[in-house]
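Report on one structure; see the data block that follows.
Here, each number is a calculation from the coordinates, and none is a lab measurement. It should be emphasised that the depicted structure is a prediction, and the values quoted were computed from it without experimental measurement. Glycine gets a Cβ as well: all are built from the backbone with ideal geometry, and neighbour counts include every protein chain shown.
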Amino acid sequence: MPQGVHITSAIDNTISEHTMEKIVVSAPATLANIGPGFDVYGLAVDSPVDIIKAKKLEDSPKKVVISETNLPELPLEANQNTAGIAAQFILNKVDADFGVEFKIEKGMGIGTGLGSSAASAAAGAKAVAHFINDDIKDLESLLLEGCIIAEEAIDGGIHGDNVAPSLFGGFIVIPSSRSPLLFSKFLLPKSLRVILATPPISILTADARRIIPKEIPLQHSIHSTGYAGLVMAGIIKKDLKLMGKGIVDTIIEPVRASLIPHFYEVKQAALDAGAYGCSISGAGPTVFAIADENCDLKNIGKAMAEAFEMHKQVTVRIGLPNNDGAKVLARSFHF
Ligand code: HSE
C-alpha cells in the first residue's frame with residue numbers, strides 16, 4: 001500500500017504489526033463527592049467529554065509526547081499533565097516496548113468541578129491500555145492507580161472518586177484510593193438526569209482542599225455515614241428520590257459554599273424547581289442537581305442559573321448517565 005494511505009477499522013487483528021496505529025479515546029466528566037461521599041463517591045455523565053487522539057510510537061519505548069492541546073493553559077510537558085503522568089506510570093509499570101503521542105481536546109474547562117484533570121488522566125490511561133498487547137493481571141487497578149497518582153500530582157490529594165467513574169463509568173464507591181485499592185461500580189439508572197450549572201469562576205481543587213477541616217465532631221461523622229448510606233440505597237434500588245434525600249453534607253459543603261457566590265440560593269432554587277437533591281460537584285464551582293427524565297429539567301436549570309444572579313454567563317448542562325466510562329471511539333492504521 002502506498003505511504004500515507006490509511007484505513008479505518010472497527011477491530012481487525014490481521015493487520016500487520018509494522019503499521020502505525022492511531023486511536024481516538026473519550027473520557028467523561030464526573031461528579032465527585034455527591035453530597036456526603038467526600039473523596040469516596042463519584043458518578044459519570046455522558047457529556048462533556050475529553051478526547052485524546054493517540055498515536056503508538058513503536059520506536060520510542062516508554063516515551064510520552066503531548067504534541068497539542070486546545071487549552072493554552074494546559075501544560076504540554078508530559079510530567080505536568082494528568083494524561084501524560086497516568087500514561088507514563090502505566091508504560092513504566094508494564095515495561096512497555098512502545099511510547100505514545102497525545103493530542104488532547106478538552107471538552108471541559110480547568111477548575112470547573114467536573115473532573116477535568118481526571119478525564120484527561122482516564123483518557124490517557126485508556127489509550128495506553130489499548131496499545132498493550134500482553135495480558136496484564138488486574139489491568140483495571142493498574143489504570144486506576146496511574147490516574148490516582150496523576151490526580152495527586154495536580155491537587156495534592158489521594159482520591160479516586162473522580163478518576164474511577166471517568167475510567168469505568170457508573171456510580172463508584174472507592175473507600176480506599178491507596179494500596180490496596182478498594183472500589184466497586186454500580187450501574188446508574190437510565191432515567192437519571194443531572195443538571196450541572198457552572199458559573200464563570202474557576203476553583204482549583206488544591207485550593208478547595210486546603211480549607212476543609214482536618215478533624216470533625218463525631219456527630220458530623222454519624223450524620224455523614226447515615227446520609228451516605230441513603231445515597232447508596234437510592235443507587236441500588238434505582239430510586240432517585242431516595243438518592244436525592246441522601247445528598248446532605250454538613251462537613252465539606254458549608255466550608256466550600258463560601259467559594260461559590262449564591263450557592264445556597266442556587267441549591268434552594270433547584271430543590272424548589274423539583275430536583276431531588278443538590279450540592280457542589282467535586283471541588284466546585286459547578287453545582288449539580290439530581291433529577292429524573294420526568295422532571296422539568298429546563299426549568300430546574302433556568303432556576304439555578306437565575307439564582308446565581310449572573311445567569312447569562314452560567315453554563316447549564318443536562319447530563320445523562322454514563323455507564324461505560326473511557327472508551328476507544330475510532331481506530332486507524334497508517335502504512
Ligand atoms: N473529592 C475531591 C474533592 C474531588 O472534593 O476535593 C475533586 O476533584
Under the Karplus relation with 6.51, -1.76 and 1.60 and θ = phi - 60°, whole-Hz ³J(HN,Hα) for the stretch 76-89, x at Gly and Pro, equal 8, 5, 4, 7, 10, 10, 4, 5, x, 5, 5, 4, 4, 4
Output wanted: per-residue J couplings in Hz (rounded whole) for the stretch 273-289, from phi through Karplus 6.51 cos²θ - 1.76 cosθ + 1.60, θ = phi - 60°, x for Gly and Pro. 7, x, 5, 8, x, 7, 6, 8, 7, x, 8, x, x, 4, 10, 10, 10
In whole Hz, with x marking every Gly and Pro, tabulate ³J(HN,Hα) for the stretch 246-259 from phi via Karplus 6.51 cos²θ - 1.76 cosθ + 1.60, θ = phi - 60°. x, 7, 9, 10, 9, 9, 8, 4, x, 6, 6, 4, 5, 8
Count charges around Leu71 for me, please; just the other residues with Cβ under 11 Å from its Cβ, Lys/Arg as +1, Asp/Glu as -1. -3
Can you give the extra length, in nm with one decimal, that the chain gains between Ser47 and Asp296 once fully stretched, where that is 0.36 nm per residue apart less the Cα-Cα distance? 87.7 nm
Tell me the relative contact order for the chain as a rounded percent, counting alpha carbon contacts under 8 Å between residues six or more apart. 26 percent
Taking Lys63 as the anchor, which lysines have their alpha carbon closer than 21 Å to its alpha carbon, excluding any fewer than eight residues away along the same chain? Lys22, Lys53, Lys55, Lys93, Lys103, Lys126
What size of dipole, in debye to the nearest 20, comes out for the chain about its Cα centre when the only charges are +1 on Lys and Arg C-beta atoms and -1 on Asp and Glu C-beta atoms? 580 debye
Using the alpha-carbon atoms, what tilt in degrees (0 to 90, nearest 10) does helix 116-131 show relative to the longest principal axis of the chain? 30 degrees
Nonlocal amide H pairs with Ser279, under 5 Å, H built at 1.01 Å: Phe288
Assuming a ≥ b ≥ c are the square roots of the Cα gyration tensor eigenvalues, decide whether the stretch 192-319 counts as rounded (a/c under 1.5), prolate (otherwise, with a/b larger than b/c) or oblate. oblate
Collect residues whose amide H, placed 1.01 Å from N in the peptide plane, falls under 5 Å from the amide H of Asp46; neighbours closer than 5 in sequence don't count. Leu320, Asn322
Quick one: compute the contact order of the stretch 152-226, relative version, from alpha carbon pairs under 8 angstrom and 6+ residues apart, as a percent. 24 percent
Suppose the chain between Ile216 and Arg178 were pulled fully straight at 0.36 nm per residue; how much longer would it get relative to their current alpha carbon spacing? 11.5 nm
Lysines whose Cα lies under 22 Å from that of Lys214, excluding same-chain neighbours fewer than 8 positions away: none
Candidate lysines - alpha carbon under 22 Å from Lys312, same-chain residues fewer than 8 apart omitted: Lys267, Lys298, Lys302
Hey, can you grab everything whose amide H is under 5 Å from the amide H of Ala330? Only 5+ residues off in sequence or another chain; H modelled, so Pro and N-termini drop out. Val24
Evaluate E = 1/(1 + (r/R0)^6) for Ser141 and Ile236, where r is the Cβ-Cβ distance and R0 equals 22 Å; express this FRET efficiency to the nearest 0.05. 0.40
